[in-house]
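Below: one structure, written as structure tokens.
The values are calculated or read from the model by the stated rules, or taken from the named source; none is laboratory data. Worth saying up front: this structure is predicted, and the values here are computed from it rather than measured. We place every Cβ from the backbone using ideal geometry, glycine too, and count neighbours over all the protein chains shown. Accessible surface areas use protein heavy atoms only, side chains included; no ligands, DNA or RNA. Shrake-Rupley method; radii C 1.70, N 1.55, O 1.52, S 1.80 Å.
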Amino acid sequence: MDCEQKAAIVTGAGRGLGREIAIELAKRGNNIVIADLNPEEMSETQEMISDVGQSSIAVQTDLRDPTSVTETIDEALDEFGSIDILINNAGIAGPNLPCEEIPIEEWEETIAVNLRGAFLMTREVLPTMKDQRFGRIVNISSVTGKRPVSQRSPYAASKLGLVGFTRSIASEVGEYDINVNAVCPGSVEGPRIERVFERYAEARGTDSETVKQGEMEKSARVELVKPTSVATLVAFLCSPESEQMTGQDLNISAGKVMY
Ligand SMILES: NC(=O)c1ccc[n+]([C@@H]2O[C@H](COP(=O)([O-])OP(=O)(O)OC[C@H]3O[C@@H](n4cnc5c(N)ncnc54)[C@H](O)[C@@H]3O)[C@@H](O)[C@H]2O)c1
């Protein structure tokens with residue numbers, strides 16, 4: 001299921017799911033552009049990519065800034081000469097507040113990174129992908145939004161917004177052999193979710209193990225999602241085996257959401 005030697009940009013690949021996706025794509029023979037805010041974390045990802053024998057560049061990118069996005073695409077093209085794969089992964093959690101208490105700046109920040117950032121990246125790569133008559137774009141959405149989660153409305157709106165964006169762009173560019181899909185993870189194992197459990201535990205006057213167990217019980221398989229499961233699904237959507245899949249939003253949630 002190799003993607004062949006292609007150039008893949010992964011936003012937010014300094015750590016977490018983005019790093020996992022970048023390494024999985026590298027293992028399958030792709031060269032990687034790591035686009036993230038954090039230079040130290042990007043260097044660590046670069047070392048891991050080098051360990052699997054692929055090339056990468058790390059480009060400090062702020063997805064809130066259209067100029068920064070343009071510069072990243074220019075650097076990617078200078079280095080690899082093409083952009084075949086774009087993974088819009090970077091995201092922020094946004095505020096955890098009732099709607100009437102959300103500061104407008106926090107609403108706008110969440111949309112700017114999670115939704116507008118994906119738009120800016122997509123807008124910049126499409127001319128190249130159209131010229132090549134090939135491209136694979138995967139937007140990392142979430143089951144949050146499909147499934148209501150109270151006090152997370154900016155995040156939910158941004159993530160369900162990505163599903164609408166995915167379908168719309170997929171219908172615009174399918175004839176160029178450019179596929180656009182969304183992946184919607186449930187709660188993924190790792191330090192980020194452990195911090196969320198600790199916050200919830202504090203708020204509810206309980207311990208984080210109890211919160212974690214409760215979260216797992218919301219899924220059919222009674223487990224959290226493994227980062228590698230998300231990464232292999234993303235890689236599948238960039239592979240020849242998924243050629244006829246576009247405009248889809250695929251849940252990988254251990255059965256937490258089935259629609
Ligand atoms: N972890 C989960 O349980 C989970 C579940 C569903 C969806 N997701 C989604 O998966 C994606 C990755 O999540 P994660 O858990 O790995 O998060 P994370 O916080 O570990 O990593 C996010 C990365 O995005 C980068 N980033 C943030 N703002 C940026 C900006 N303005 N410009 C460039 N880079 C920026 C950060 O520096 C970081 O490296 C996010 O879109 C998230 O919403 C995560």
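Observations on the model:
- Distance between modelled label sites at residue 189 and residue 202, nm, 7 Å Cα→Cβ extension: 2.6 nm
- For the stretch 165-259: rounded, prolate or oblate by the Cα gyration tensor [a/c cutoff 1.5]: prolate
- Semi-axes of the equivalent ellipsoid of the stretch 124-176 are 29, 9, 8 Å, computed as sqrt(5λ) over the eigenvalues of the C-alpha gyration tensor in descending order.
- Here the Karplus curve 6.51 cos²θ - 1.76 cosθ + 1.60, taken at θ = phi - 60°, turns the phi angles of the stretch 100-107 into couplings of 5, 9, 7, x, 4, 4, 6, 4 Hz, with x standing for Gly and Pro.
- Scalar couplings 3J(HN,Hα) for the stretch 166-173, obtained by applying the Karplus form with A = 6.51, B = -1.76, C = 1.60 to θ = phi - 60°, are 4, 5, 5, 5, 4, 6, 6, 10 Hz; x denotes Gly and Pro.
- Nearest-10 value in Å² for the accessible area of residue 180, using the 1.4 Å probe: 0 Å²
- For the stretch 2-52, a Kirkwood hydrodynamic radius built from all Cα pairs, placed in the Stokes-Einstein relation at 10 °C and 1.306 mPa s, yields a translational diffusion coefficient of 153 µm²/s.
- Segment residue 171..residue 40, full-extension length gain: 43.4 nm, with 0.36 nm per residue of separation and the alpha-carbon distance subtracted.
- Contact order relative to length of the stretch 53-124, as percent, for alpha carbon pairs under 8 angstrom and 6 or more apart: 39 percent
- Taking amide hydrogens as placed 1.01 Å from N in the peptide plane, the amide H of residue 225 sits under 5 Å from those of 187, 188, 189, each at least 5 positions away in sequence or on another chain.
- Table column - 3J(HN,Hα) (Hz), the stretch 74-85, Karplus curve with 6.51, -1.76, 1.60, x for Gly and Pro: 4, 5, 4, 5, 4, 6, 10, x, 7, 10, 9, 9
- Computed magnitude of the charge dipole of the stretch 1-75 (debye, nearest 20; Cβ of K, R +1, Cβ of D, E -1): 240 debye
- Cα-based radius of gyration of the chain once divided by 2.2 N^0.38 Å, which approximates compact folds: 0.98
- Legend: residue pairs 27/218; 6/159; 6/212; 130/256; 130/218, Cα-Cα distance threshold 30 Å; pairs beyond threshold, 27/218; 6/212; 130/256; 130/218.
- The angle between the Cα long axis of helix 117-132 and the longest principal axis of the Cα atoms of the chain comes to about 30 degrees, rounded to the nearest 10.
- Accessible surface for the chain, divided over its residues, is 46 Å² per residue with a 1.4 Å probe.
- Near residue 36, the amide H atoms lying under 5 Å from its own belong to 12, 59, 61; only residues 5 or more places off or on other chains count, and H is placed 1.01 Å from N.
- Protein accessible area in the stretch 20-147, 1.4 Å probe - carbon and sulfur %: 46 percent
- Most to least packed among 96-108, 154-166 [average Cβ atoms within 10 Å]: 154-166, 96-108
- If the chain linking residue 47 and residue 96 were pulled fully straight, counting 0.36 nm for each residue of separation and taking away their Cα-Cα distance, it would gain 14.2 nm.
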